[in-house]
Amino acid sequence: MLVLCAPLIYFVKPRLPVPSTPAPRQQISYAFLTTRAHIFLQLCNILEGLGFFLPAIYLPSYAQSLGLPTIAGTALLATLNIFSVLGSIGMGFLCDHLQVTTVIAISTAGATLSVFLLWGFATKLPLLITFAATYGFFAGGFSAIWSGMMKEVQRVSRDAKMGTLMGLFAAGRGIGAVLSGPVSEVLLRNDHLGAGGEQARFGYQTEYGVVIVFTGVSAVFGLLCFGAKRRAAWIFRGAR
């Protein structure tokens, strides 16, 4: 990306005409960082991100451990990615019509139930594809909800800039993404739920059972978004 995009910077032109007298540079305010809206929305963003990437990482090897053909892993990833695109469109549409906490709750409920009720019991390809589609739609579209999250923070702190908020929410998701790798490795090395392999009747009985549970629990943390709406002075006395 650096090699391909860096030379193009020379050709980038401003979207608006450059004024003859430059306007004084505005100071960027970070007062919104301590608002209740930002704290709870960022927490749910980071914690939800801890398990968000695990299905995409482990579904191919999970399918292989069940004795499914190699093409099954490719099909599962393709299904997950396709429905993630549809989920982004759907969640973005909902953000234009519903409260952001409601949209996050819908995404959280769909992702959580798909993990615990579909992946947790899936040892056959049809149910795994159903899981990939469902999880991709509800969890894959989470980043599209950032626009609603940014508007909610701006509602309580008008000095917050969209670009700054976008960077912070992307960084928060990045924290979850980076941590999910080593955390999942530790979980797999210490998995005591079972290692049934091809003989397992449920996903929970395989060596990936603990990863399934961790992914579902991580998705539940999306419900922290409701703290952005409700009084939580007993936790953050200085939050507005």
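The values are calculated or read from the model by the stated rules, or taken from the named source; none is laboratory data. Since this is a predicted model, take the numbers as computed values, not measurements. Cβ atoms come from the backbone with ideal geometry, glycine included; neighbour counts cover every protein chain shown.
Residue check: is SER84 within 18 Å of the chain's Cα centre (by Cα) and surrounded by 13 or more Cβ atoms within 10 Å (Cβ to Cβ)? Taking the combined requirement at face value, the residue satisfies it. Screening ARG36 on (1) among the basic types (Lys, Arg); (2) surrounded by fewer than 10 Cβ atoms within 10 Å (Cβ to Cβ); (3) in contact with a helix residue (DSSP H, G or I) (Cβ under 7 Å, 6 or more places away or on another chain) shows it passes everything except condition (2).
Segment 32-146 holds helices (runs of 4 or more DSSP H) entirely within its bounds, and those carrying 2 or more residues that are modelled with pLDDT under 90, at negative phi and small (Gly, Ala, Ser) map to 36-52. Residues in segment 155-167 that are crowded, with 17+ Cβ neighbours inside 10 Å and not hydrophobic (A, V, I, L, M, F, W, C) were compared, and the one that is modelled with the lowest pLDDT is SER157.
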